[in-house]
Amino acid sequence: MQNYQFLSTLRDSATLNPDEMRTMVTAAMGTGASEFRRAVEQVAQEAESNPSLAVRAGIGFFFLGHPEKAERALAGCKEGVGRFYLACAHYTQGKFEAAAKEFEAAAKAGYQPTESTLRRAGCLRKLGQLEEAEKVIRSTGGEGARLAEYSYQMGCILADRGDTFGAIEYFERAVDMDPHHQRALFALAVQNSRHGDDEEAIQLYERCLSRPPFYLGALLNLGLLYEDRENYSAAQYCFERVLKYDPNNERARLYLKDIEATSGMYYDEDSLKQQQRLEQLLSRPVTDFELSVRSRNCLATMGINSLGDLTRISEQELLSGKNFGETSLTEVRELMRLHNLSLGQFMHEKQREPTFDSRDLSPEDQVKLAMPVSELNLSVRSRKCMTRLGIATIGELVSRTPDELLSAKNFGVTSLNEIRDKLAEMNIKLRND
């Protein structure tokens, strides 16, 4: 929207009603973002000598993604619109009780009373008052049901109760009613990511971030999905944007460090090709090679099926096998030498020994270790790494060492610390931790 007069709208509009707000925010997308920021900063400066502009500056700060500045500018305001956006600023920072009070005050002041009531219900839900929240939502009747916010809040209620499919249906309804409903788009993106539809999740996060205010959670999640697809420049951009709005965001800072480390890890094409060739060679079955019948039968009896198996067993262990003698050993040595391999060279990668005997564990601990790793509610990145490593249960996870986890693609210190924290809540640790 070219030549939109942000300064005139913020400073001179008599009402700054919802329609004007939507138009302004739409114009602030893309190339209009810089002009919008300059207009907000100018209005904030003028508000120092003209307090009547403080509400306009506060609203502008909220859409710029600065809820703390919005709170300061809107503190003590009596206008319904000001109290509504003060409530939004409180909510963004997790101050749900204060937000609920301001949404209620905005409704009483006549500013979008139904919308304000529905937003208040969202605060009650965040405070754990699900029954009361649903009661408030339904109290808005047919007028509320015509709003996208109604469907979004009902979807959140169902999600909190574990009804995932019912929640998705409501979120989709909210987006159908308002294609720019950011919180519904975010909720749908999260659900799609959890169900493995990363392509759809990326599109939904991008739509969620197509206009201000920018959700930091959406930026973080989108960055992780970009990173998982090895689109490191896009991931870096997302994490840098988070730090622009929240310089103290530790997760974004650590993810950015992981990106910097990753950028040097996966672009050595020669090493990658060499590793792939080695993996193909190690996977070849011993039956592909000319071995004597005795050697072949002995190896089969010992459960040795591939060249990789031979790199993880010592000569002494082979000789301990029934009917496996020096002649067979010499034959196998020669086979390995022809492929630049040796017996036992990868013995350190032998299947890990369990660090516990489940028979010695209490029934409670056995239940914990049998739980699926999904119960830890890990971030996108960590969940992907668990899948790559073939880790399905918490027992399989705690049998790994930190170094083994860090060797996985895209698994950095941030993910390791996240897993350590989740396991600590269950009073268990990684192996050797």
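The number of residues in region 321-338 being surrounded by fewer than 14 Cβ atoms within 10 Å (Cβ to Cβ) and modelled with pLDDT of 85 or more comes to 7.
No other residue among A89, A121, A109, A105 is within 21 Å of L64 (Cβ to Cβ) and either of a type in the set (A, V, I, L, M) or surrounded by 22 or more Cβ atoms within 10 Å (Cβ to Cβ) (or both) apart from A89.
Selection of region 288-307 for residues being at pLDDT 85 or above and in a helix (DSSP H, G or I) yields V293, R294, S295, R296, N297, C298, L299, A300, T301, L307.
Exactly one residue out of F84, F96 is crowded, with 21+ Cβ neighbours inside 10 Å, among the aromatic types (F, W, Y) and modelled with pLDDT of 95 or more, and it is F84.
Run down H66, H90 and say which single residue is farther than 26 Å from L130 by Cα, of a type outside the set (A, V, I, L, M) and out of contact with any Ser or Thr (no Cβ under 8 Å at 6 or more places or on another chain).
None of the other options fit; the residue is H66.
Among helices (runs of 4 or more DSSP H) entirely within region 346-410, having at least 1 residues that are at pLDDT 70 or above and among the polar types (S, T, N, Q) singles out 363-370, 380-388. The set of residues from region 74-101 being free of Cβ contacts under 8 Å to residues at least 40 places away in the same chain, aliphatic (A, V, I, L, M), out of contact with any His (no Cβ under 8 Å at 6 or more places or on another chain) and assigned to a helix (DSSP H, G or I) comprises L74, L86, A87, A89, A100. Inside region 199-252, residues that are closer than 23 Å to S34 by Cβ, among the aliphatic types (A, V, I, L, M), modelled with pLDDT of 90 or more and under 13 Å from the mean Cα position of the chain (by Cα) make up a count of 3.
Considering only region 279-320, state which residues are of a type in the set (K, R) and either exposed (fewer than 11 other Cβ atoms within 10 Å of the Cβ) or over 13 Å from S342 (Cα atoms) (or both).
Correct list: R284, R294, R296.
Each residue in region 126-148 was checked for being under 17 Å from A89 (Cα atoms) and part of a helix (DSSP H, G or I), and 1 pass.
Would you point out the residue of region 21-73, among those that are in contact (Cβ under 8 Å) with a residue 24 or more places away in the chain and among the acidic types (D, E), that is surrounded by the fewest Cβ atoms within 10 Å (Cβ to Cβ)? Residue satisfying both the conditions and the ranking: E68.
For region 153-196, taking the residues that are surrounded by fewer than 16 Cβ atoms within 10 Å (Cβ to Cβ) and either within 15 Å of the chain's Cα centre (by Cα) or polar (S, T, N, Q) (or both), the one that is farthest from R381 (Cα to Cα) is identified as T164. Here is the figure for region 102-119: residues that are assigned to a helix (DSSP H, G or I) and either among the small types (G, A, S) or farther than 13 Å from C156 by Cβ (or both) total 12. Of the residues making up region 1-20, just one is surrounded by fewer than 13 Cβ atoms within 10 Å (Cβ to Cβ), hydrophobic (A, V, I, L, M, F, W, C) and under 35 Å from the mean Cα position of the chain (by Cα), namely M1. Scanning region 130-149 for residues that are closer than 26 Å to G82 by Cβ and either small (G, A, S) or under 26 Å from the mean Cα position of the chain (by Cα) (or both) turns up A133, S139, G144, A148, E149. Among the residues making up region 126-145, those that are in contact (Cβ under 8 Å) with a residue 12 or more places away in the chain and either over 18 Å from T114 (Cα atoms) or not small (G, A, S) (or both) are K126, L127, L130, E134, V136, I137, T140, E143.
Listed here are the residues, each with its yes/no results for (1) assigned by TED's automatic domain parsing to the domain that holds T387; (2) among the hydrophobic types (A, V, I, L, M, F, W, C); (3) touching a Lys or Arg at 6+ places or on another chain (Cβ under 7 Å).
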residue	(1), (2), (3)
G122	no, no, no
E131	no, no, no
S139	no, no, no
R146	no, no, no
R161	no, no, no
H180	no, no, yes
A184	no, yes, no
R194	no, no, no
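The values are calculated or read from the model by the stated rules, or taken from the named source; none is laboratory data. Being a predicted model, the structure only gives us computed values, none of them experimental. Note: ideal-geometry Cβ built from the backbone for every residue, glycine included; neighbour counts use all protein chains shown.
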